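Take a look at the structure set out below.
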Amino acid sequence: MRRALRSGGESFSPDSDAASVRRLFALIARAYDPLNSILSFGLDAGWRKKLADSLYPMPSGRDGRILDIAAGTLEVSMVLAERFPEHEIAALDFCLPMLLRGKKKAMKQRGDKIRLLSGDARALPLRDACVDAVTVAFGLRNIRPRERAYAEALRVLRPGGRFRVLEFVNTEKPVLFGLYNFYLDRVLPTAGSFFSGNKAAYRYLADTISRYPAAEKLDEEMCSAGFAGVRHEIFTAGIVGIHSGEKAA
Ligand SMILES: C[S@@+](CC[C@H](N)C(=O)[O-])C[C@H]1O[C@@H](n2cnc3c(N)ncnc32)[C@H](O)[C@@H]1O
């Protein structure tokens, strides 16, 4: 069912045209980090570390490079910078307020090491075969069509390069006795509204999870896009998963 969500004069189309998505994240950029921790009960940091760990072992080399797309406030990029000190980390997002929030934070840690790229995951401003890994955390479900993001990731990856997706799982199974769906439908929009002042944005984010493909379907999608060795791992009681694929060597 198609629904336009309104709040404070803002409306977000569940069909997620890029301009709406960018505007949405600009509106919640300030609240994004604290809300992430509150709404995930502090589990989000562990999920992002798991994503970075899923890249091991990375090919070493002087010009090793990892691209984090839909990087937002650099939560994943900073973990990557910590875990892979030999590699250059590039963080790409099309919402500048999110990137700038992240930059402020990262400067205190390893900001010098993270290169910011303002751009669209569907048209990466990078040459062919120049990165060893592409990561995307809690971003793929906002990108339409996903096929364009897959094609771009494959284009910029070197042969053998890794693609990793961290995302909430869309499942019809009653996870945690139905509490997960209750949380997405009721708690997330209400709590998000309370803390960020923007219910429509958090309603939209919950809706994107229910419109995201189930894990097996996403595997098929990644295979069709041309990734090799596609697989997934689901954890935290079935709430979150990492999808992996490689660019054929
Ligand atoms: C939920 S945030 C995730 C941020 C970060 N990866 C994290 O783990 O917290 C999603 C981000 O995806 C970005 N985004 C959505 N569609 C995009 C696109 N087509 N190109 C680049 N960035 C995009 C948004 O601007 C937003 O910052």
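The values are calculated or read from the model by the stated rules, or taken from the named source; none is laboratory data. Just so we're clear, the structure is a prediction, and the values are computed from it rather than from any experiment. FYI the Cβ positions are ideal-geometry reconstructions off the backbone, even for glycines, and counts take in every protein chain you see. SASA here: full protein model, heavy atoms, side chains in, ligands and nucleic acids out. Shrake-Rupley method; radii C 1.70, N 1.55, O 1.52, S 1.80 Å.
Hull volume per residue, based on the alpha-carbon atoms of region 83-169 and their convex hull, is 114 Å³.
Compared with the dominant Cα axis of the chain, that is its longest principal axis, helix 199-210 is turned about 60°. Comparing Tyr56, Gly42, Ser20 along the charge dipole axis of the chain, the residue lying farthest to the positive side is Ser20, per the Cβ-charge model. The residue list Ile143, His87, Pro97 was ranked by how far each Cα lies along the charge dipole of region 62-176 toward its positive end, using unit charges on Cβ atoms, and Pro97 comes out on top. One chain, two ends: Glu82 and Arg115. Fully extended at 0.36 nm per residue, the span grows by 10.5 nm beyond their Cα-Cα distance. Length available on full extension from Ala19 to Asp128: 0.36 nm per residue minus the Cα-Cα distance, which gives 36.6 nm.
Annotation: per residue accessible area for the chain equals 46 Å², rounded to a whole number [probe 1.4 Å, protein chains only].
Let me spell out the model: positive unit charges on the Cβ of Lys and Arg, negative unit charges on the Cβ of Asp and Glu, origin at the Cα centre of the chain. What dipole size does that give, in debye rounded to 20? Let's see the in-between values first.
On the way: 38 positive and 29 negative charges, 131 e Å.
It works out to roughly 620 debye.
With a sphere of radius 11 Å drawn around the Cβ of Lys49, what net charge do the other residues whose Cβ falls strictly inside it have (Lys, Arg +1; Asp, Glu -1)?
Neighbour charge sum, excluding Lys49 itself: -1.
Translational D (Stokes-Einstein, µm²/s) of region 23-109 at 25 °C and 0.890 mPa s when Rh comes from the Kirkwood sum over C-alpha pairs? This corresponds to a translational diffusion coefficient of 180 µm²/s. The Cα trace of the chain gives Rg and Dmax of 17.2, 50 Å, the first to one decimal, the second as a whole number. Accessible area of His243 (1.4 Å probe, protein heavy atoms only, ligands and nucleic acids ignored): about 20 Å².
When peptides 18-26, 37-45 are ranked by their average number of other Cβ atoms within 10 Å per residue, the highest-first order is 18-26, 37-45.
The modelled label-to-label distance for the pair Lys104/Glu233, using points 7 Å beyond Cα in the direction of Cβ, is 3.5 nm.
Looking at the chain, the DSSP beta bridges with both ends there are about 45 percent antiparallel.
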